[in-house]
Amino acid sequence: MLQTVSEWLWWERLWLPGNVSWSDLEDNEGRVYAKASQLYAVLPCALCLLVVRYLFERYVATPLADMWGVRDRVRRKAEPNHVLEKYFCSQTRLPSQADVRSLCKKTSWPERRVQVWFRRRRNQDRPALRKRFCEASWRCLFYFFAFVGGVLALYDKPWLYNLKEVWAGFPKQSLLPSQYWYYLLEMGFYLSLLLSLSTDVKRKDFKEQVIHHIATLTLLSFSWFSNYIRIGTLVMAVHDSADILLECAKVLNYAKWHQTANAMFAVFTLLFMLTRLVIFPLWLIHCTWVYPLETFAPFFGYYFFNVMLVVLQILHLYWAVLISRMFYKCVFTKLEGDDRSDEEEDDSDSSNERKHKPTHFNGSGTRGRANGH
């Protein structure tokens, strides 16, 4: 049964054009081709990146946060109450007014006290400012080196300047060492993001991020198997270029360099729109939809690869709407929060304090947390 599944999974018509077989992609005459077994190294790479991330956040990002005065807000803990804790964990974190009245009867507490308890309890589960700072610093560092590595791997390649060269001789295109390491690091990084999603800062587009990471890994894996490696490196470089500015803007915002962060976010917005809404669909997707048909007949992999690119483009449109809102607020109005983020609430029990309006003690302005993926 396993053999049958394996034969079906590696059926040549799924991955290769009709006139090409796996035997045509065996190493010979100095030509080296990508092999599925090489991707086994992605998991160890992801685990290594998680270790490097831990060391970086502890010994580099945390001292940097101290030096820049990035400090967490002192939070008041919710007082112990078994009834409210059980309701919070099993029912909802945001009880309705009717639920609050019901809980008041069960606990013999006044409404104000119950409402304050839930705000303090929700705040306890929210990531602190230093955690956000360290996470953004790590991503900024990785995207910077990934983009620089991508530029070094591509700057002298003809397909960077003429997209028709992407398909020259396809699929019999020899694998370059720079392409192997570029793929390994990028796939390892996105796998590490999937593995750390449960501990990273969780935002309202959590499901979209999961879809994005899975789609990216699926896209890169398929492009590796089918030798779509040239276009794969171009897609990665286009994505990394804007992400550097996004994470850098977050870091500056958390450090309270707000004017610089605003300027960085403005540049990021322009670059995001250029790379994700112009270059990616009009150049790269056009390259994968139109140019291959000049060389070979469509096959399953052709359709699958393009569908995955369209999924990424849909996510780009979703995030472009959020980023446009944030950019508008940044330029024309006062920033009051983030469409994506779960803001920290005022947990004061004073009747003179605001009840529900989010605060910004955690440096959580909108320009700090838009996702550029």
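Any read-out appearing in this document is the output of simple, stated calculations on the displayed coordinates, not a laboratory observation. Because the structure is predicted, anything quoted here is derived from the model rather than measured. Don't worry about glycine lacking a Cβ; one is built from the backbone with ideal geometry, like all the others, and counts go over all protein chains shown.
Report the paramagnetic label zone for Gln124: residues of segment 44-84 whose backbone N is under 13 Å from a point 7 Å from Cα along the Cα-to-Cβ axis. Residues 75-84 fall inside that zone.
Quick one: grab the alpha carbon gyration tensor of segment 98-194, order the square roots of its eigenvalues as a ≥ b ≥ c, and give me rounded if a/c is under 1.5, else prolate or oblate depending on whether a/b is larger than b/c. Prolate is the answer for segment 98-194, as a/c is 1.5 or above and a/b outweighs b/c. Here Cα Rg over 2.2 N^0.38 Å was computed from the coordinates, and among [x] 0.98; [y] 1.17; [z] 1.10 the match is [y]. Here is the link list: Lys131/Lys157; Lys157/Lys207; Lys106/Lys250; Lys86/Lys250; Lys131/Lys329. Which ones come out longer than 32 Å on Cα distance? Cα-Cα > 32 Å for Lys131/Lys157; Lys157/Lys207; Lys106/Lys250; Lys86/Lys250; rest within. The C-alpha atoms of the chain define a longest principal axis, and helix 129-154 lies at about 10 degrees to it. Quick one: grab the alpha carbon gyration tensor of segment 226-265, order the square roots of its eigenvalues as a ≥ b ≥ c, and give me rounded if a/c is under 1.5, else prolate or oblate depending on whether a/b is larger than b/c. Note, shape of segment 226-265 comes out prolate.
All C-alpha pair distances within segment 74-127, sorted into 5 Å bins from zero, spread as 4, 21, 36, 26, 10, 3, 0 percent across the bins. A full extension of the chain between Leu64 and Tyr328 corresponds to an added length of 92.0 nm, given 0.36 nm per residue minus the alpha carbon distance.
Taking the chain as the reference, fit the longest principal axis to its C-alpha atoms, fit the long axis of helix 229-254 to the helix C-alpha atoms, and give the angle between the two in degrees, 0 to 90, nearest 10. On a 0 to 90 degree scale, this one is about 20. The packing ranking, built from the mean of other Cβ atoms within 10 Å per residue, places the peptides 223-231, 10-18 in the order 223-231, 10-18, highest first.
Simple rule: put +1 on each Lys or Arg Cβ and -1 on each Asp or Glu Cβ in the chain, find the dipole, and look at Ala255, Ile285, Ser21; the Cα lying farthest toward the positive end is Ala255.
Here the simple spin-label model places points 7 Å from the Cα toward Cβ, and for Arg113 and Tyr318 these points are separated by 4.3 nm. Remark on Tyr33: its backbone amide H falls under 5 Å from those of Asp27, Leu175, a criterion applied only to residues 5 or more positions apart or on other chains, H modelled at 1.01 Å from N. Rounded to the nearest 10 degrees, the inclination of helix 177-195 to the longest alpha-carbon principal axis of the chain is 30 degrees. Basic side chains Lys and Arg get +1 at the Cβ, acidic Asp and Glu get -1 at the Cβ, and with that the dipole of segment 74-127 about its Cα centre reaches some 200 debye.
For Val148 and Ser196 in one chain, what is 0.36 nm times their gap in residues minus the Cα-Cα distance, to one decimal in nm?
14.8 nm
Extending 7 Å from Cα along the Cβ direction at Ser37 and again at Ala168 yields two label points whose distance is 3.2 nm.
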